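Undergrad: Starting off with a structure, shown below.
The values are calculated or read from the model by the stated rules, or taken from the named source; none is laboratory data. Since this is a predicted model, take the numbers as computed values, not measurements. Cβ sites come from the backbone with ideal geometry, for glycine too, and all protein chains shown count toward neighbours. Just so you know, the surface numbers come from the protein's heavy atoms only, side chains and all, with ligands and any DNA or RNA stripped out. Shrake-Rupley method; radii C 1.70, N 1.55, O 1.52, S 1.80 Å.
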Amino acid sequence: MINMETSQPQKITLKADGTLDVPETPIIPFIEGDGIGRDIWPATRLVLDKAIDAAYGGRRRIEWLELLVGEKGFHETGEWLSEEALATIQDHVVAIKGPMTTPIGTGIRSLNVAIRQKLDLYACVRPVRYIHPVPSPMKSPEKIDMVVFRENTEDLYAGIEWQAGSDEARKVIDFLNSQMGTELSAMTGIGIKPISEKNTKRLVAMAIAYAIEQGRSSVTLMHKGNIMKFTEGAFSRWGYEAAREQFPGQTLTEAELYDKHGGQRPEGKVVIKDRIADMLFQQVLLRPDEFDVIATPNLNGDYISDALAAQVGGLGMAPGANIGDTCAVFEATHGTAPKYAGLDKVNPSSLILSGAMMLDHMGWKEAADKVRAALQATVKDGIVTYDLARQIQGAKEVKCSAFAKAITEHL
Ligand code: NAD
(Lines give C-alpha, C1' and ligand atoms only; values in the text may rest on other atoms or scores of the structure.)
Protein backbone atom coordinates (compact mmCIF):
# COMPACT_ATOMS: atom_id res chain seq x y z
CA MET A 1 0.00 0.00 0.00
CA ILE A 2 1.22 3.47 -0.77
CA ASN A 3 1.28 5.68 2.28
CA MET A 4 -0.45 8.95 1.45
CA GLU A 5 1.31 10.63 4.34
CA THR A 6 4.52 11.04 2.37
CA SER A 7 5.65 14.64 2.09
CA GLN A 8 4.05 17.10 -0.33
CA PRO A 9 4.98 16.59 -4.00
CA GLN A 10 7.93 18.79 -4.96
CA LYS A 11 10.16 19.29 -7.96
CA ILE A 12 13.60 17.70 -8.19
CA THR A 13 16.17 20.51 -8.27
CA LEU A 14 19.82 20.83 -9.22
CA LYS A 15 22.41 21.62 -6.56
CA ALA A 16 25.25 24.04 -7.28
CA ASP A 17 27.61 21.11 -7.98
CA GLY A 18 25.24 19.73 -10.65
CA THR A 19 23.97 16.78 -8.55
CA LEU A 20 20.26 16.27 -7.90
CA ASP A 21 18.28 17.27 -4.85
CA VAL A 22 15.49 14.68 -4.80
CA PRO A 23 12.58 15.18 -2.38
CA GLU A 24 10.71 12.20 -0.86
CA THR A 25 7.79 12.80 -3.26
CA PRO A 26 9.28 14.14 -6.51
CA ILE A 27 7.01 15.30 -9.35
CA ILE A 28 8.12 13.49 -12.49
CA PRO A 29 6.71 14.38 -15.92
CA PHE A 30 5.93 11.46 -18.24
CA ILE A 31 4.98 11.17 -21.90
CA GLU A 32 2.89 8.07 -22.46
CA GLY A 33 4.03 7.79 -26.08
CA ASP A 34 2.22 6.78 -29.24
CA GLY A 35 1.24 3.32 -30.50
CA ILE A 36 2.22 0.72 -27.89
CA GLY A 37 2.98 3.55 -25.44
CA ARG A 38 -0.56 3.09 -24.12
CA ASP A 39 0.29 -0.55 -23.29
CA ILE A 40 3.83 -0.29 -21.96
CA TRP A 41 3.48 2.95 -19.96
CA PRO A 42 0.77 1.69 -17.51
CA ALA A 43 2.79 -1.53 -17.08
CA THR A 44 5.92 0.47 -16.32
CA ARG A 45 4.20 2.84 -13.93
CA LEU A 46 2.75 -0.07 -11.95
CA VAL A 47 6.15 -1.75 -11.56
CA LEU A 48 7.98 1.48 -10.62
CA ASP A 49 5.35 2.53 -8.04
CA LYS A 50 5.30 -0.91 -6.41
CA ALA A 51 9.11 -1.18 -6.38
CA ILE A 52 9.44 2.21 -4.68
CA ASP A 53 6.83 1.22 -2.14
CA ALA A 54 8.58 -2.12 -1.51
CA ALA A 55 11.98 -0.42 -1.14
CA TYR A 56 10.97 2.49 1.07
CA GLY A 57 7.80 1.28 2.80
CA GLY A 58 5.67 4.23 1.75
CA ARG A 59 8.23 6.86 2.80
CA ARG A 60 8.86 7.74 -0.84
CA ARG A 61 6.66 7.88 -3.92
CA ILE A 62 6.55 9.56 -7.32
CA GLU A 63 3.87 12.09 -8.19
CA TRP A 64 3.45 11.53 -11.93
CA LEU A 65 2.66 14.52 -14.19
CA GLU A 66 1.41 13.72 -17.67
CA LEU A 67 2.70 15.77 -20.61
CA LEU A 68 0.61 15.77 -23.75
CA VAL A 69 3.23 15.27 -26.44
CA GLY A 70 3.09 13.29 -29.70
CA GLU A 71 -0.25 12.12 -31.12
CA LYS A 72 -2.06 12.65 -27.82
CA GLY A 73 -0.71 16.20 -27.72
CA PHE A 74 -1.68 16.85 -31.32
CA HIS A 75 -5.26 15.60 -30.82
CA GLU A 76 -5.84 17.47 -27.57
CA THR A 77 -3.85 20.67 -28.06
CA GLY A 78 -3.03 20.88 -31.79
CA GLU A 79 0.70 20.72 -31.03
CA TRP A 80 3.02 17.71 -31.33
CA LEU A 81 5.62 19.10 -28.95
CA SER A 82 4.82 22.37 -27.22
CA GLU A 83 7.34 24.80 -25.77
CA GLU A 84 5.43 24.40 -22.51
CA ALA A 85 6.06 20.64 -22.44
CA LEU A 86 9.77 21.20 -23.07
CA ALA A 87 9.91 23.86 -20.34
CA THR A 88 8.16 21.49 -17.91
CA ILE A 89 10.75 18.76 -18.53
CA GLN A 90 13.56 21.28 -18.06
CA ASP A 91 11.96 22.59 -14.90
CA HIS A 92 11.49 19.12 -13.35
CA VAL A 93 15.04 17.92 -14.20
CA VAL A 94 14.02 14.25 -14.73
CA ALA A 95 11.35 12.81 -17.09
CA ILE A 96 10.41 9.52 -18.75
CA LYS A 97 8.81 8.83 -22.12
CA GLY A 98 7.35 6.08 -24.27
CA PRO A 99 8.08 5.82 -28.02
CA MET A 100 6.76 8.49 -30.36
CA THR A 101 5.66 8.54 -33.99
CA THR A 102 7.56 10.81 -36.31
CA PRO A 103 4.88 13.21 -37.63
CA ILE A 104 4.89 13.31 -41.43
CA GLY A 105 4.82 16.63 -43.28
CA THR A 106 5.23 18.92 -40.25
CA GLY A 107 8.80 20.01 -40.75
CA ILE A 108 9.78 18.12 -37.58
CA ARG A 109 12.41 15.50 -38.36
CA SER A 110 11.64 13.49 -35.24
CA LEU A 111 10.10 14.46 -31.90
CA ASN A 112 12.76 12.40 -30.14
CA VAL A 113 15.57 14.26 -31.88
CA ALA A 114 13.83 17.60 -31.20
CA ILE A 115 13.62 16.82 -27.46
CA ARG A 116 17.30 15.82 -27.33
CA GLN A 117 18.43 18.92 -29.21
CA LYS A 118 16.21 21.48 -27.50
CA LEU A 119 17.10 20.27 -24.01
CA ASP A 120 20.75 19.70 -24.95
CA LEU A 121 20.59 16.06 -23.78
CA TYR A 122 24.02 15.40 -25.19
CA ALA A 123 24.58 11.81 -24.08
CA CYS A 124 22.48 8.84 -25.13
CA VAL A 125 23.21 6.22 -22.50
CA ARG A 126 22.41 2.57 -23.20
CA PRO A 127 23.36 -0.16 -20.72
CA VAL A 128 23.48 -3.62 -22.30
CA ARG A 129 23.32 -6.61 -20.03
CA TYR A 130 22.15 -10.15 -20.51
CA ILE A 131 19.01 -11.43 -18.75
CA HIS A 132 18.88 -15.21 -18.46
CA PRO A 133 17.29 -17.13 -20.32
CA VAL A 134 16.45 -14.61 -23.05
CA PRO A 135 17.51 -16.17 -26.38
CA SER A 136 20.77 -14.70 -27.64
CA PRO A 137 22.88 -15.41 -30.73
CA MET A 138 26.02 -15.38 -28.52
CA LYS A 139 27.71 -18.46 -27.05
CA SER A 140 28.30 -16.75 -23.71
CA PRO A 141 25.90 -13.81 -23.57
CA GLU A 142 26.39 -13.50 -19.80
CA LYS A 143 29.81 -11.98 -20.55
CA ILE A 144 28.12 -8.88 -21.99
CA ASP A 145 27.83 -6.05 -19.50
CA MET A 146 28.54 -2.76 -21.25
CA VAL A 147 27.24 0.80 -21.17
CA VAL A 148 27.35 2.87 -24.37
CA PHE A 149 27.65 6.68 -24.11
CA ARG A 150 26.71 7.95 -27.56
CA GLU A 151 27.22 11.64 -28.41
CA ASN A 152 23.75 12.94 -29.21
CA THR A 153 24.10 16.40 -30.74
CA GLU A 154 26.56 16.41 -33.62
CA ASP A 155 28.34 14.21 -36.20
CA LEU A 156 26.42 13.36 -39.40
CA TYR A 157 23.21 13.60 -37.34
CA ALA A 158 23.50 17.39 -37.10
CA GLY A 159 21.28 17.49 -40.20
CA ILE A 160 23.70 19.66 -42.23
CA GLU A 161 23.22 18.10 -45.65
CA TRP A 162 22.20 19.04 -49.17
CA GLN A 163 20.63 17.00 -51.91
CA ALA A 164 22.63 16.34 -55.09
CA GLY A 165 21.71 18.94 -57.71
CA SER A 166 20.29 21.50 -55.23
CA ASP A 167 21.49 25.11 -55.33
CA GLU A 168 23.01 24.64 -51.88
CA ALA A 169 24.95 21.52 -52.87
CA ARG A 170 26.20 23.28 -56.01
CA LYS A 171 27.42 26.25 -53.97
CA VAL A 172 29.29 24.02 -51.55
CA ILE A 173 30.78 21.96 -54.39
CA ASP A 174 31.87 25.13 -56.24
CA PHE A 175 33.57 26.37 -53.10
CA LEU A 176 35.28 23.04 -52.39
CA ASN A 177 36.45 22.56 -55.98
CA SER A 178 37.60 26.14 -56.56
CA GLN A 179 39.10 26.92 -53.15
CA MET A 180 39.91 23.64 -51.40
CA GLY A 181 41.36 21.55 -54.21
CA THR A 182 38.66 18.86 -54.40
CA GLU A 183 37.30 17.39 -57.62
CA LEU A 184 33.70 16.60 -56.79
CA SER A 185 31.29 15.97 -59.64
CA ALA A 186 28.26 18.27 -59.94
CA MET A 187 25.66 15.62 -58.98
CA THR A 188 27.04 14.85 -55.52
CA GLY A 189 25.04 14.85 -52.31
CA ILE A 190 26.81 16.64 -49.47
CA GLY A 191 26.68 15.93 -45.73
CA ILE A 192 28.78 17.65 -43.07
CA LYS A 193 30.26 15.81 -40.12
CA PRO A 194 30.94 18.28 -37.32
CA ILE A 195 32.72 16.95 -34.22
CA SER A 196 33.82 19.55 -31.69
CA GLU A 197 36.28 19.57 -28.81
CA LYS A 198 33.69 20.93 -26.39
CA ASN A 199 30.99 18.37 -27.15
CA THR A 200 33.45 15.47 -27.26
CA LYS A 201 35.01 16.36 -23.93
CA ARG A 202 31.71 16.76 -22.09
CA LEU A 203 30.49 13.38 -23.42
CA VAL A 204 33.68 11.53 -22.55
CA ALA A 205 33.83 13.22 -19.14
CA MET A 206 30.30 12.00 -18.40
CA ALA A 207 31.28 8.45 -19.40
CA ILE A 208 34.39 8.54 -17.21
CA ALA A 209 32.51 10.01 -14.24
CA TYR A 210 29.95 7.19 -14.60
CA ALA A 211 32.71 4.55 -14.78
CA ILE A 212 34.34 5.94 -11.61
CA GLU A 213 31.04 6.15 -9.74
CA GLN A 214 29.94 2.65 -10.74
CA GLY A 215 33.34 1.01 -10.13
CA ARG A 216 33.70 0.10 -13.81
CA SER A 217 37.12 -0.95 -15.11
CA SER A 218 37.51 0.83 -18.44
CA VAL A 219 36.24 3.45 -20.88
CA THR A 220 36.83 2.62 -24.55
CA LEU A 221 36.85 5.49 -27.05
CA MET A 222 35.33 4.00 -30.20
CA HIS A 223 36.23 5.87 -33.39
CA LYS A 224 37.24 5.61 -37.03
CA GLY A 225 40.13 8.03 -36.67
CA ASN A 226 42.45 6.12 -38.98
CA ILE A 227 40.31 7.35 -41.89
CA MET A 228 38.44 10.42 -40.55
CA LYS A 229 41.41 11.99 -38.81
CA PHE A 230 40.04 15.42 -37.98
CA THR A 231 36.63 14.30 -36.74
CA GLU A 232 36.76 10.77 -35.33
CA GLY A 233 40.54 10.93 -34.79
CA ALA A 234 40.07 14.19 -32.93
CA PHE A 235 37.29 12.57 -30.86
CA SER A 236 39.80 10.01 -29.60
CA ARG A 237 42.49 12.62 -28.90
CA TRP A 238 40.11 14.94 -27.08
CA GLY A 239 38.74 11.95 -25.14
CA TYR A 240 42.22 11.15 -23.78
CA GLU A 241 42.72 14.84 -23.02
CA ALA A 242 39.44 14.98 -21.07
CA ALA A 243 40.62 12.03 -18.95
CA ARG A 244 44.01 13.65 -18.32
CA GLU A 245 42.66 17.11 -17.57
CA GLN A 246 39.57 16.23 -15.52
CA PHE A 247 40.34 12.86 -13.89
CA PRO A 248 44.14 12.71 -13.55
CA GLY A 249 44.19 10.70 -10.31
CA GLN A 250 41.40 8.29 -11.25
CA THR A 251 42.33 7.22 -14.77
CA LEU A 252 45.29 5.78 -16.65
CA THR A 253 45.78 4.94 -20.31
CA GLU A 254 46.11 1.40 -21.61
CA ALA A 255 49.76 2.19 -22.50
CA GLU A 256 50.45 3.26 -18.90
CA LEU A 257 48.70 0.12 -17.64
CA TYR A 258 51.27 -2.07 -19.41
CA ASP A 259 54.33 0.21 -19.14
CA LYS A 260 53.97 1.03 -15.45
CA HIS A 261 51.72 -1.64 -13.93
CA GLY A 262 52.53 -4.82 -15.83
CA GLY A 263 48.97 -4.99 -17.14
CA GLN A 264 47.45 -5.14 -13.63
CA ARG A 265 44.85 -2.42 -13.13
CA PRO A 266 45.52 -0.48 -9.93
CA GLU A 267 42.54 -0.70 -7.56
CA GLY A 268 39.86 1.91 -8.29
CA LYS A 269 41.46 3.30 -11.47
CA VAL A 270 39.63 3.42 -14.78
CA VAL A 271 41.63 2.40 -17.86
CA ILE A 272 41.12 4.68 -20.87
CA LYS A 273 41.63 2.89 -24.18
CA ASP A 274 40.57 3.38 -27.78
CA ARG A 275 39.52 1.04 -30.55
CA ILE A 276 38.86 1.55 -34.25
CA ALA A 277 35.12 1.10 -34.81
CA ASP A 278 35.24 -1.88 -37.19
CA MET A 279 37.64 -3.72 -34.90
CA LEU A 280 35.45 -3.04 -31.88
CA PHE A 281 32.47 -4.60 -33.67
CA GLN A 282 34.55 -7.80 -33.93
CA GLN A 283 35.87 -7.64 -30.41
CA VAL A 284 32.49 -7.19 -28.70
CA LEU A 285 31.54 -10.48 -30.35
CA LEU A 286 34.77 -12.35 -29.70
CA ARG A 287 35.90 -10.91 -26.34
CA PRO A 288 32.90 -9.11 -24.82
CA ASP A 289 34.25 -9.27 -21.27
CA GLU A 290 37.13 -6.92 -22.21
CA PHE A 291 34.76 -3.99 -22.70
CA ASP A 292 32.86 -2.03 -20.15
CA VAL A 293 31.94 1.62 -20.78
CA ILE A 294 32.12 2.72 -24.45
CA ALA A 295 32.16 6.43 -25.44
CA THR A 296 31.64 7.23 -29.10
CA PRO A 297 30.40 9.78 -31.65
CA ASN A 298 26.77 9.75 -32.74
CA LEU A 299 26.76 7.48 -35.80
CA ASN A 300 29.03 4.76 -34.36
CA GLY A 301 26.93 4.93 -31.20
CA ASP A 302 23.74 4.32 -33.12
CA TYR A 303 25.16 1.19 -34.75
CA ILE A 304 26.96 -0.30 -31.77
CA SER A 305 24.06 0.17 -29.33
CA ASP A 306 21.61 -1.70 -31.57
CA ALA A 307 24.16 -4.41 -32.37
CA LEU A 308 24.88 -4.94 -28.66
CA ALA A 309 21.14 -4.98 -27.91
CA ALA A 310 20.76 -7.78 -30.47
CA GLN A 311 23.58 -9.70 -28.77
CA VAL A 312 21.56 -9.85 -25.55
CA GLY A 313 18.19 -10.58 -27.12
CA GLY A 314 16.88 -7.53 -28.93
CA LEU A 315 15.55 -4.01 -28.54
CA GLY A 316 12.47 -5.06 -26.56
CA MET A 317 14.75 -5.53 -23.54
CA ALA A 318 17.14 -2.57 -24.00
CA PRO A 319 16.75 0.51 -21.78
CA GLY A 320 18.02 3.99 -22.60
CA ALA A 321 18.38 7.55 -21.40
CA ASN A 322 19.21 10.93 -22.87
CA ILE A 323 21.19 12.93 -20.38
CA GLY A 324 22.46 16.52 -20.31
CA ASP A 325 23.97 18.73 -17.62
CA THR A 326 20.64 20.10 -16.42
CA CYS A 327 18.06 17.39 -17.20
CA ALA A 328 17.56 13.79 -18.29
CA VAL A 329 14.85 11.95 -20.22
CA PHE A 330 14.59 8.16 -19.88
CA GLU A 331 13.02 6.27 -22.77
CA ALA A 332 12.19 2.96 -24.42
CA THR A 333 14.68 2.32 -27.20
CA HIS A 334 12.21 0.72 -29.63
CA GLY A 335 9.54 2.50 -31.67
CA THR A 336 5.75 2.66 -31.52
CA ALA A 337 5.10 -0.76 -33.18
CA PRO A 338 1.71 0.53 -34.43
CA LYS A 339 0.31 -2.86 -35.45
CA TYR A 340 0.39 -3.99 -31.80
CA ALA A 341 -0.97 -0.75 -30.30
CA GLY A 342 -3.69 -1.26 -27.72
CA LEU A 343 -3.52 -5.07 -27.90
CA ASP A 344 -1.88 -5.43 -24.45
CA LYS A 345 0.60 -7.74 -26.11
CA VAL A 346 4.10 -6.25 -26.40
CA ASN A 347 7.06 -6.46 -24.06
CA PRO A 348 7.28 -3.51 -21.64
CA SER A 349 10.82 -4.42 -20.42
CA SER A 350 12.65 -1.68 -22.33
CA LEU A 351 10.59 1.07 -20.66
CA ILE A 352 10.56 -0.67 -17.26
CA LEU A 353 14.37 -1.01 -17.31
CA SER A 354 14.64 2.64 -18.45
CA GLY A 355 12.56 3.46 -15.37
CA ALA A 356 15.10 1.55 -13.25
CA MET A 357 17.86 3.70 -14.80
CA MET A 358 15.81 6.75 -13.84
CA LEU A 359 15.60 5.56 -10.23
CA ASP A 360 19.41 5.04 -10.24
CA HIS A 361 19.85 8.57 -11.59
CA MET A 362 17.67 9.89 -8.73
CA GLY A 363 19.78 8.00 -6.19
CA TRP A 364 16.91 5.56 -5.43
CA LYS A 365 19.17 2.59 -6.03
CA GLU A 366 17.34 0.16 -3.74
CA ALA A 367 14.15 0.56 -5.79
CA ALA A 368 16.09 0.35 -9.07
CA ASP A 369 17.77 -2.90 -7.99
CA LYS A 370 14.38 -4.31 -6.99
CA VAL A 371 12.93 -3.56 -10.43
CA ARG A 372 15.83 -5.29 -12.20
CA ALA A 373 15.84 -8.30 -9.87
CA ALA A 374 12.05 -8.78 -10.09
CA LEU A 375 12.04 -8.50 -13.88
CA GLN A 376 14.90 -10.98 -14.10
CA ALA A 377 13.11 -13.41 -11.76
CA THR A 378 9.91 -13.19 -13.83
CA VAL A 379 11.72 -13.97 -17.08
CA LYS A 380 13.62 -16.77 -15.34
CA ASP A 381 10.26 -18.26 -14.29
CA GLY A 382 9.44 -18.40 -18.00
CA ILE A 383 6.67 -15.80 -17.73
CA VAL A 384 7.16 -13.58 -20.78
CA THR A 385 5.36 -11.65 -23.53
CA TYR A 386 4.82 -13.06 -27.05
CA ASP A 387 8.15 -11.88 -28.48
CA LEU A 388 10.17 -13.99 -26.03
CA ALA A 389 7.60 -16.77 -25.57
CA ARG A 390 8.05 -17.89 -29.16
CA GLN A 391 11.78 -18.26 -28.60
CA ILE A 392 11.98 -19.80 -25.10
CA GLN A 393 10.99 -23.45 -24.88
CA GLY A 394 8.34 -24.11 -22.25
CA ALA A 395 7.71 -20.41 -21.58
CA LYS A 396 4.27 -19.15 -20.63
CA GLU A 397 3.07 -16.31 -22.85
CA VAL A 398 1.26 -13.56 -20.96
CA LYS A 399 -0.09 -10.15 -21.89
CA CYS A 400 1.87 -6.95 -21.32
CA SER A 401 -0.17 -6.04 -18.22
CA ALA A 402 0.05 -9.58 -16.80
CA PHE A 403 3.83 -9.55 -17.26
CA ALA A 404 4.00 -6.32 -15.25
CA LYS A 405 1.77 -7.83 -12.57
CA ALA A 406 3.99 -10.93 -12.43
CA ILE A 407 7.00 -8.65 -11.88
CA THR A 408 5.28 -6.94 -8.96
CA GLU A 409 4.74 -10.35 -7.34
CA HIS A 410 8.54 -10.68 -7.10
CA LEU A 411 8.96 -7.32 -5.38
P1 NAD B 1 9.38 -0.36 -33.95
O2 NAD B 1 10.45 -0.52 -32.94
O3 NAD B 1 8.21 0.46 -33.58
O4 NAD B 1 8.81 -1.77 -34.35
C5 NAD B 1 9.44 -2.75 -35.15
C6 NAD B 1 8.97 -4.14 -34.70
O7 NAD B 1 9.67 -4.48 -33.52
C8 NAD B 1 7.50 -4.25 -34.32
O9 NAD B 1 6.66 -4.50 -35.41
C10 NAD B 1 7.52 -5.40 -33.34
O11 NAD B 1 7.54 -6.62 -34.04
C12 NAD B 1 8.85 -5.22 -32.65
N13 NAD B 1 8.75 -4.51 -31.36
C14 NAD B 1 9.03 -3.20 -31.11
N15 NAD B 1 8.86 -2.92 -29.81
C16 NAD B 1 8.47 -4.07 -29.22
C17 NAD B 1 8.13 -4.43 -27.88
N18 NAD B 1 8.16 -3.54 -26.89
N19 NAD B 1 7.75 -5.71 -27.64
C20 NAD B 1 7.71 -6.60 -28.62
N21 NAD B 1 8.01 -6.35 -29.90
C22 NAD B 1 8.39 -5.09 -30.20
O23 NAD B 1 10.09 0.25 -35.28
P24 NAD B 1 9.46 0.87 -36.59
O25 NAD B 1 8.32 0.02 -37.05
O26 NAD B 1 10.62 1.09 -37.47
O27 NAD B 1 8.91 2.30 -36.19
C28 NAD B 1 7.55 2.63 -35.92
C29 NAD B 1 7.44 4.09 -35.47
O30 NAD B 1 8.19 4.29 -34.29
C31 NAD B 1 7.94 5.13 -36.48
O32 NAD B 1 7.06 6.22 -36.50
C33 NAD B 1 9.27 5.56 -35.92
O34 NAD B 1 9.60 6.88 -36.29
C35 NAD B 1 9.01 5.45 -34.44
N36 NAD B 1 10.23 5.25 -33.62
C37 NAD B 1 10.28 5.90 -32.45
C38 NAD B 1 11.37 5.70 -31.60
C39 NAD B 1 11.38 6.43 -30.30
O40 NAD B 1 10.38 7.00 -29.89
N41 NAD B 1 12.49 6.45 -29.58
C42 NAD B 1 12.39 4.82 -31.96
C43 NAD B 1 12.29 4.12 -33.17
C44 NAD B 1 11.19 4.34 -34.00
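Undergrad: Please give the peptides 394-406, 154-166 ranked by average Cβ packing (other Cβ atoms within 10 Å per residue), highest first, as a rough proxy for protection.
TA: 394-406, 154-166
Undergrad: Could you give the C-alpha radius of gyration of the range 254-356 expressed as a fraction of 2.2 N^0.38 Å, taking N as the number of residues it contains?
TA: With N residues counted in the range 254-356, Rg over 2.2 N^0.38 Å equals 1.38.
Undergrad: Per the 1.4 Å probe, what fraction of the accessible area of the range 223-334, in percent, lies on carbon and sulfur atoms?
TA: Carbon and sulfur together cover 54 percent of it.
Undergrad: From the alpha carbon gyration tensor of the range 185-240, can you work out the equivalent ellipsoid semi-axes (sqrt of 5 times each eigenvalue) and give them in Å, largest to smallest?
TA: Working from the Cα gyration tensor, I get semi-axes of 30, 11, 9 Å.
Undergrad: For every helix of n ≥ 4 consecutive DSSP H residues, a contribution of -39,500 (n - 2.57) applies; sum these over the chain, divide by its total residues, and give [θ] at 222 nm rounded to the nearest 500 deg cm²/dmol.
TA: It comes out at -12000 deg cm²/dmol, rounded to the nearest 500.
Undergrad: Would you mind checking the tilt of helix 83-92 against the longest principal axis of the Cα atoms of the chain, expressed as 0 to 90 degrees and rounded to 10?
TA: Once rounded, one gets 70 degrees.
Undergrad: Can you check how the C-alpha radius of gyration of the range 340-411 compares to 2.2 N^0.38 Å, as a plain ratio?
TA: 1.12
Undergrad: Do any trypsin sites (Lys or Arg not before Pro) in the range 123-165 lie in a loop, going by DSSP, with at most 12 other beta-carbon atoms within 10 Å of their beta carbon, and if so which?
TA: Lys139
Undergrad: If you add up the charges near Pro23, with Lys and Arg at +1 and Asp and Glu at -1, over every other residue whose beta carbon is less than 14 angstrom from its beta carbon, what do you get?
TA: +2
Undergrad: Between Glu66 and Lys396, take the C-beta separation as r, use R0 = 51 Å, and let me know the FRET efficiency to the nearest 0.05.
TA: 0.95
Undergrad: Right, something else. Accessible surface of His261 in the full protein assembly, 1.4 angstrom probe, to the nearest 10 Å²?
TA: 80 Å²
Undergrad: Further, regarding this structure: At what distance in nm do the modelled label points of Ser178 and Gln264 sit from each other, each positioned 7 Å from its Cα along Cα→Cβ?
TA: That separation, rounded to one decimal, is 6.6 nm.
Undergrad: Where only protein heavy atoms count, and the probe is 1.4 Å, what is the accessible area per residue for the range 103-195 in Å²?
TA: Value for the range 103-195: 55 Å² per residue.
Undergrad: DSSP loop trypsin sites (Lys or Arg not before Pro) in the range 343-382 with at most 11 other Cβ atoms within 10 Å of their Cβ, which ones?
TA: Of the trypsin sites (Lys or Arg not before Pro), not one in the loops of the range 343-382 has a Cβ with at most 11 other Cβ atoms within 10 Å.
Undergrad: Something else about it: Lys and Arg at +1, Asp and Glu at -1: add these up for the other residues within a Cβ distance under 14 Å of Asp145 and post the number.
TA: +2
Undergrad: To continue, here is another question. Keeping every protein chain in place, order His92, His75, His361 by accessible area at 1.4 Å, biggest value first, i.e. largest first.
TA: The residues order as His75, His361, His92, largest area first.
Undergrad: Work out how far the C-alpha atoms of the range 178-307 reach from end to end along every principal axis, then list the three figures in whole Å, largest first.
TA: Principal-axis extents of the Cα atoms in the range 178-307, largest first: 57, 32, 26 Å.
Undergrad: If you take the Cα atoms of the chain, find Rg, then find the Kirkwood Rh from the mean of 1/r over all pairs, what is Rg/Rh?
TA: With Rg and the Kirkwood Rh in hand, the quotient comes to 0.98.
Undergrad: Through the Karplus equation 6.51 cos²θ - 1.76 cosθ + 1.60, θ set to phi - 60°, convert the phi angles of the range 146-159 into ³J(HN,Hα) values in whole Hz; use x for Gly and Pro.
TA: 10, 10, 8, 10, 9, 5, 10, 10, 9, 6, 5, 7, 5, x
Undergrad: Restricting attention to the alpha-carbon atoms of the range 31-121, what are Rg (one decimal) and Dmax (integer), both in Å?
TA: 14.5, 49
Undergrad: May I pose another question? Can you pull out the trypsin sites (Lys or Arg not before Pro) in the range 64-120 whose DSSP state is coil and whose Cβ has at most 13 other Cβ atoms within 10 Å?
TA: Arg109
Undergrad: Let me ask another. Measuring from a point 7 Å past the Cα of Met279 along Cα-to-C-beta, which residues in the range 286-325 have an amide N at less than 13 Å?
TA: Residues passing the 13 Å test: none.
Undergrad: May I pose another question? Students sometimes get this wrong: rank Asp145, Asp39 by accessible area, probe 1.4 Å, all chains present, largest first.
TA: Putting Asp145, Asp39 in descending order of accessible area: Asp145, Asp39.
Undergrad: Kindly sort Asp174, Asp91, Asp34 by accessible area of their heavy atoms, largest first, with the probe set to 1.4 Å.
TA: The ordering from most to least exposed comes out as Asp174, Asp91, Asp34.
Undergrad: Which lysines have a Cα lying under 28 Å from the Cα of Lys229, excluding residues fewer than 8 positions away in the same chain?
TA: Lys171, Lys193, Lys198, Lys201, Lys273
Undergrad: Got a sec? Which residues in the range 174-205 would a label at Thr326 touch, if it sits 7 Å along Cα→Cβ and we count backbone N under 18 Å?
TA: 199, 202-203
Undergrad: Then there's this: Please report the accessible area of Trp80 (heavy atoms, 1.4 Å probe, ligands and nucleic acids excluded) in Å², nearest 10.
TA: Accessible area, nearest 10 Å²: 40 Å².
Undergrad: While we're here: Quantify how much of the Cα-Cα distance distribution of the range 240-304 extends past 16 Å, in percent.
TA: Percent of Cα pairs beyond 16 Å in the range 240-304: 54.
Undergrad: Ok, one more. For the range 158-204, state the semi-axes of the equivalent ellipsoid (square roots of 5 times the eigenvalues of the alpha-carbon gyration tensor), sorted largest first and rounded to whole angstrom.
TA: The equivalent ellipsoid of the range 158-204 has semi-axes of 27, 13, 7 Å.
Undergrad: Rounded to the nearest 5, what % of DSSP beta bridges with both residues in the chain are antiparallel?
TA: 40 percent
Undergrad: State, to one decimal in nm, how far the label point of Asn226 lies from the label point of Leu343, with both points 7 Å from Cα in the Cβ direction.
TA: The modelled label-to-label distance comes out at 4.5 nm.
Undergrad: Nearest 20 debye, what's the magnitude of the dipole of the range 272-366 about its Cα centre given +1 on Lys and Arg Cβ and -1 on Asp and Glu Cβ?
TA: 240 debye
Undergrad: Modelled label-to-label distance, Lys198 and Val113, 7 Å Cα→beta-carbon offset: nm?
TA: 2.2 nm
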